[in-house]
1. Neighbour counts of other C-beta atoms within 10 Å: give me 96, 263, 109 arranged from fewest to most.
2. Pull out the extension gain between residue 82 and residue 319, defined as 0.36 nm times the separation in residues minus the alpha carbon to alpha carbon distance; nm, one decimal.
3. Translational diffusion coefficient, Stokes-Einstein: compute it for region 172-367 using the Kirkwood radius over C-alpha pairs as Rh, at 4 °C and 1.567 mPa s, and state it as an integer in µm² s⁻¹.
4. So, in nm, how far is label residue 213 from label residue 137 when the simple model puts each one 7 Å beyond its Cα toward the Cβ?
5. Could you tell me how many degrees, from 0 to 90 and to the nearest 10, lie between the Cα long axis of helix 122-134 and the main elongation axis, the longest principal axis, of the Cα atoms of the chain?
6. Taking the beta-carbon count within 10 Å as an exposure proxy, list 323, 315 from fewest neighbours to most.
7. Enumerate the whole-percent occupancy of each 10 Å bin, from 0 to the last occupied one, for all C-alpha pair distances of the chain.
8. Order the peptides 86-92, 350-356 from the highest to the lowest mean number of other Cβ atoms within 10 Å of their residues.
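No value in this document is a laboratory result; all are computed from the given coordinates. Predicted model, so just to flag it, every value in this text is computed and none were measured. We place every Cβ from the backbone using ideal geometry, glycine too, and count neighbours over all the protein chains shown.
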Amino acid sequence: MTLKQKMNTDSDAFEFTALRGIQAGREYYVAMCPLKLIPTIFVFNEASIPAELRAQRVLNKARIPEMASYLVNNNSNYVFSSITASIDGDVEFIPIEKKGIKSKMGQLIVPMNARFLINDGQHRRKAIEEALKLKPELNSEYISVVFYLDAGLKRSQQMFSDLNKHAIRTTKSLNILYDHRDPFSRSIRGMLSQVPIFKDTELEKTSISSKSTKVFTLNSIYSASKALLGKTNKKPVINEDEETFMVDYWNEIYMNIQEWQDIVDGTAKAYDIRGNYVHVHGILLHALGMLGHSLMSEHPKQWKSKLKALNDINWEKSNKVNWEGRAMLGGRLTKVGMNITLTNNFLKMKLGLNLTAKEKEIENKFDRGV
């Protein structure tokens, strides 16, 4: 007698449309699961259980609202990858046919008293649960679930380790490049072709190799432009006037830094300039962005003429009087908060701008060598 025949009613078991495969000599299944079932069949390991007795990390609740909001607000074009789980129970796979390719396709029958354990995807599971409360019509959507047959806690812990050890987070630059929902990212990408020095930008990495012909990373341009517009939100909004100012400002900076023009004209190599000057590094770009925000606040009509003072700055790394302790520590560029502020302070003072109370405090500590 089959498992399905043992069931008295349909409510005794879950039935999933599934594909059957083999990995490491073990059967596993890829099933289609309605979102409405996800909160029901999957449970979390409680945080109170010691780590050595759990098979996954503790849920990071701070991640859930953003993930649930993504699902709700993009319900017509969201993408959620598969959940991976183990089943502790007597399951049965009923193939469409006994032989051939269709023997790998069929129905996976799982008794309701079986225990499901998520190996990868607990945050997706919780986000789905919260999204369904806000948008019940998502109930009829499906997510793929990879089911492995349970082989005990040790095996589940190893699965979690194996699934996560090779995972590599995408770079910030690549996220900006591929994020078509974020208006600010779209604006930054659109600006690249409008500012000569940004046309040859490193679009994927967050650092530039010593012999690269790239000048800035996409991530650096994004961060510097947020500072320029005074944006502090994780997902900033931008209007047309701000877009126009952003392009105008960076073009004006370009027109007042000779070495930037030399790179674009081909009379200098980006890697040579990068080796000898500070203004082709992320910290200076960010400080220049901060400078622009202050300029617009203090001199909204004269900001372009004020930027001409940039021509009088000695940008060479060897000029330790200007840059050591500000943009550089021990002769090396450093982009930490304090150094960005000190670099911005230097630029503001060169352009005759007022320092804020916080900037004055940091400047005073710098002068005292604190």
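1. Arranged by neighbour count, lowest to highest, 96, 263, 109 become 96, 109, 263.
2. Length gained, residue 82 through residue 319: 79.9 nm.
3. After rounding, the answer is 76 µm²/s.
4. That separation, rounded to one decimal, is 5.1 nm.
5. With both axes taken from Cα atoms, the answer is about 90 degrees.
6. In increasing order of surrounding Cβ atoms, one gets 315, 323.
7. 4, 19, 22, 16, 14, 13, 8, 3, 0
8. 86-92, 350-356
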